[in-house]
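As structure tokens, the structure follows; a few thoughts come after it.
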């Protein structure tokens, strides 16, 4: 094989993160579907601090949870290696806390590569109103088990 061919096959760190991030979103959506929560992926919900459109990875539809009657957003972040991606947590938290999403948001971080200090800091930003939780997939599944959708959400009434 030539070096030129190898260059075509190698993925950048960003491409790998997007691919695994997409798989994490699909895992979260599958868990929501199996738990009978209505949701949509990649929904425009507001404007970021600097004015760009804010799109949430997963939007859980309204009136399914007494705790979040307007619905809530889920942001999925895959971190499989330690690196500068942890520095993006600050911007994510700032946008959530500013109300850019228009709904409460939980963040799911998976992959084992996030720095413990960065995750600890991100958890300190949870205010219980706009920024409601930071989970890994296991913690999210436990949360889902403790919070079934409200009965009228299942019947459409």
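The values are calculated or read from the model by the stated rules, or taken from the named source; none is laboratory data. The structure displayed is predicted, hence computed values, not measured ones. For neighbour counting, all protein chains shown are included, and Cβ atoms are generated from backbone atoms with ideal geometry for every residue, glycine included.
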Inset, instruction - Could you list, in sequence order, all residues of the stretch 82-128 that are in contact (Cβ under 8 Å) with a residue 60 or more places away in the chain and loosely packed, with under 15 Cβ neighbours inside 10 Å? - result: 83
Legend entry - Count - residues of the stretch 24-56 that are on the phi > 0 side of the Ramachandran plot and over 16 Å from the mean Cα position of the chain (by Cα): 2
Inset, instruction - Consider only pairs whose beta carbons are under 7 Å apart and that are at least six residues apart or on different chains; among these, list those whose first residue lies in the stretch 129-141 and is on the phi < 0 side of the Ramachandran plot and surrounded by fewer than 17 Cβ atoms within 10 Å (Cβ to Cβ) and whose second residue is at pLDDT 95 or above and in a helix (DSSP H, G or I). - result: 137/27; 141/31
Legend entry - In the stretch 130-157, residue farthest from the chain's Cα centre (by Cα) [restricted to those that are at pLDDT 95 or above and under 16 Å from residue 70 (Cα atoms)]: 130
